[in-house]
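Everything below concerns the one structure shown next.
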Amino acid sequence: MEKFMFGVFSKLGWFFKLHWKRYTFAIIALVIASVIDIIPPKLVGMAIDEIQFNSLSLGRLAEIMLIYGGLIVASYTISFLWDYTLFGGAIMMEQTMRSKLMNHFLKMTPSFFQKFRTGDLMARATNDLRALNMTAGFGILTLVDSTIFMFLLIAVMGFTISWKLTLAALIPLPIMAVVMNRYGKAIHKRFMEAQKAFGNMNDDVLESVKGVRVIRAFVQEKQDENRFKAMTEDVYDKNVEVAKIDAMFEPTITILVGISYTIGLGYGTSLVFQNVMTLGELVSFNVYLGMLIWPMFAVGELINVMQRGNASLDRVNETLNHKPDVTDPCQPKQQERPGRIVFKDVSFQYPGSSLPGLQGIDLEIEPGQTIGVVGKTGAGKTTLFRQLLRDYPGMTGSLTISNTLISDFSLETTRAWIGYVPQEQVLFSKTVRENIQFGKADASDDEIYRVMELAHFLEDIKNLSEGLDTKVGESGVTLSGGQKQRVAIARAFVMEPEILILDDAMSAVDGKTEANIIQHLKEERQGKTTLIAAHRLSAVAHADHIVVLDDGKIVEEGSHQQLMKSRGWYRSQYELQQMDEKGAVS
C-alpha cells in the first residue's frame, strides 16, 4: 500500500515542492483541527463522571460549556482555512496540468496525433485531470485523517482510558489493511480500462459529429447509432466493474467497524464492572470509537482515490513524456527575413511507410519567385511543403534558407516566415472576422476587407447574415467549400508572410474566381516568395518556375512556356484541361 501511495505523491512531487507553503499550512491546520476535535469527547466523559459522583456544580458546568463553545468556534475557523487552502491547491494543480497538456499538444508533430486520437486526448485533459484534482485535494485529506488523526485518536484512547480496551477494539485493523490493498490493486486496473473505453467513445462521438453530413448522405444514422450504443455499453460495463469494487469498500469497513464497536462495548462494560475504568471513560471511549469510523473509511477512500489518481497520472504522463519529433537547436540562428531557399538532394520517407515520399529533390528558389508544384495525386506535393513547415523529422540531404540549414533556425522563426493554406482548411467556430484575425490579431476591418478582396470574398460577405460577425460554425460548416478556401487564403494574406504556401488551396473555386485570385496574388506578392501546388494547371501557369513531381521525384521543370514545348506530362495535362474547360463552356 505504501508503494502506490508514495508513488503517486512522488510523481506529483514537483507540484508539492512548488506550493509547499500552501500544503504545509493546510496540513498543519488540518492536524490542529484534528487535535481540537479530540478534546470534546473527553469533556463529555469528565462531565458524566462528575454527574455520577454528584460533584458537578453550576460553575463547573458553565466552565465546560464555555470551553466546548470555544472549541466549536476554533474548529470551524481552522477547518475553513485548511479546506480553502487544500482544495484551492488541488484546483491550481488541475489548472497547471491542463496548461501543461495544452502547451504540449501545440508542440507536437503530426506523428503524435496519429498515435493518440483526439477523443482520448480530450479524456486525458478532462476526466483524468479531475481524478488528479481529487488526489491533490481529497487524497491529502484522507491521507492525514487515515494516519495522523487515527493515531491521535488511538493514542488518546490508549493513554487516557485503557490500552487493553484500545488494542482489543483495533483487532480488525490489520484485516482491513490487507483487504483494502487487494481492492486497491483491482480498482487501479479496472479504472484504467474504464478511462480507455471513455476515450474511445469520446473519439467516436467527435467523428460522428464532424462527419454528420456524410453519415446522413449514406443513410448510416441507424448503424452509427448502434455503434455508439455498443460503445456506451462498453463504457457502462467497465465503469460498473469499477463501481463493484468501489461498492465493496464501505460494507467491508462497516463490518469491521461493527466488530470494533462490539469489542469496545462488550469488553469496556466488563472493565467498568471491574472498576478498572469509569462510566464516563467508557462513554468517551465509545465516542472516540465512533470518531474512528471516519479514519477507517478514509483508509478505503485513500486507496480508492490514490489508485484512480495513479492510473490517471500514468495516462497524463504518457502523453507528456511523448517528446516532439522536431525540436529547436540548442543555439538557433537569428535572421530577420528569409533569403534563397535551396533543396539539395532532399529525400524523405514518412514514419511507418515503406515507400519514399521524396527522392533526390534539387530545387533553388530565389526571393520573390513564384514556384508552381504540380503532379498526379500522391506525387509528393504536400510532402515537399512539409519539409519547409518542419512537420516531420527524417529528411536527408540539405534544405537551406540564406545558406543556413533550416534545422539551425528555431521553429518559431521559420514558421513565422510562412503563411500556409493547406488542402483541408481549418476554420474555427468563431466569426469570419476572428478567423481572418487569427493570422494577425490586431488586423483592422479595413485590412480585413482588403484581404477579402484579394481572396475574392467581398461579394460573399455581403450575402452572409451578419457580415464579418457571422459565425462560421464548427470547422466552417455554414460555409461552402469554396468560401472556406477563400477565408483561409484571406487569413494567410493578412499575415503578409515572406513565404506563402498554397497547397491546392483553390480546388473548390471556379475558374474565373481562381483567375481573379491569381491576378491579385501577382500584384500583392511582388518581391515575396510564393509556392503553389495545384491540380488545375491554370493556377500555376503564371509561375516563374514550375516543377512536376512523380513518385516523389522531379520529372520535369521550367517555365510554363518551356514545359509546353517539352511534350511531357505537363503539356498533355494542360491541353486536356483546356479541352475540358472549352467543352464545359460550350
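A few comments on the model shown:
- Summed over the range 273-301, residues that are part of a helix (DSSP H, G or I) and closer than 16 Å to P174 by Cα total 7.
Quick grid of which residues meet (1) in contact with a Leu (Cβ under 9 Å, 6 or more places away or on another chain); (2) crowded, with 19+ Cβ neighbours inside 10 Å; (3) part of a loop (DSSP other than H, G, I, E, B); (4) in contact (Cβ under 8 Å) with a residue 40 or more places away in the chain:
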{"residue": "T413", "(1), (2), (3), (4)": "no, no, no, yes"}
{"residue": "A441", "(1), (2), (3), (4)": "no, no, yes, no"}
{"residue": "M452", "(1), (2), (3), (4)": "yes, yes, no, no"}
{"residue": "L479", "(1), (2), (3), (4)": "yes, yes, yes, yes"}
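- Of everything in the range 454-477 that is in a loop (DSSP other than H, G, I, E, B) and aliphatic (A, V, I, L, M), the residue that is surrounded by the most Cβ atoms within 10 Å (Cβ to Cβ) is A455.
- Pair list, Cβ < 7 Å and 6+ apart or interchain, from the range 85-100 residues that are touching a residue at least 24 places away in the same chain (Cβ under 8 Å) to residues that are assigned to a helix (DSSP H, G or I) and among the aromatic types (F, W, Y): T85/F25; G89/Y23; M93/F15; T96/F15
- Here no helices (runs of 4 or more DSSP H) wholly within the range 114-172 include at least 3 residues being in contact with a helix residue (DSSP H, G or I) (Cβ under 9 Å, 6 or more places away or on another chain) and not assigned by TED's automatic domain parsing to the domain that holds I28.
- Taken over the range 415-435, the criterion of being of a type outside the set (G, A, S), under 21 Å from T382 (Cα atoms) and in contact (Cβ under 8 Å) with a residue 40 or more places away in the chain is satisfied by W417, I418, Y420, V421, P422, Q423, Q425, V426, L427.
- Output for the range 551-574, where each listed residue is surrounded by 16 or more Cβ atoms within 10 Å (Cβ to Cβ), within 40 Å of the chain's Cα centre (by Cα) and not small (G, A, S): K553
- The set of residues in the range 533-555 being in a loop (DSSP other than H, G, I, E, B), of a type in the set (A, V, I, L, M, F, W, C) and within 16 Å of K512 (Cα to Cα) consists of A534, V540, A541.
- With respect to the conditions (1) at pLDDT 85 or above; (2) closer than 24 Å to A416 by Cα, Q483 falls short on a single one, namely (2).
- Residue check, F285 under 30 Å from M176 (Cα atoms), of a type in the set (F, W, Y) and without any contact (Cβ under 8 Å) to a residue 60 or more places away in the chain: no
- Top-ranked residue of the range 302-326 - restricted to ones that are free of Cβ contacts under 8 Å to residues at least 24 places away in the same chain and in a loop (DSSP other than H, G, I, E, B), ranked as farthest from the chain's Cα centre (by Cα): K323
- Any hit, the range 275-282, residues being modelled with pLDDT under 85, in contact with a Phe, Trp or Tyr (Cβ under 9 Å, 6 or more places away or on another chain) and under 29 Å from I148 (Cβ atoms): no
The values are calculated or read from the model by the stated rules, or taken from the named source; none is laboratory data. For clarity, every value in this text was computed on a predicted model and none was experimentally measured. Cβ coordinates were reconstructed from backbone atoms using ideal geometry, including for glycine residues, and neighbour counts include every protein chain displayed.
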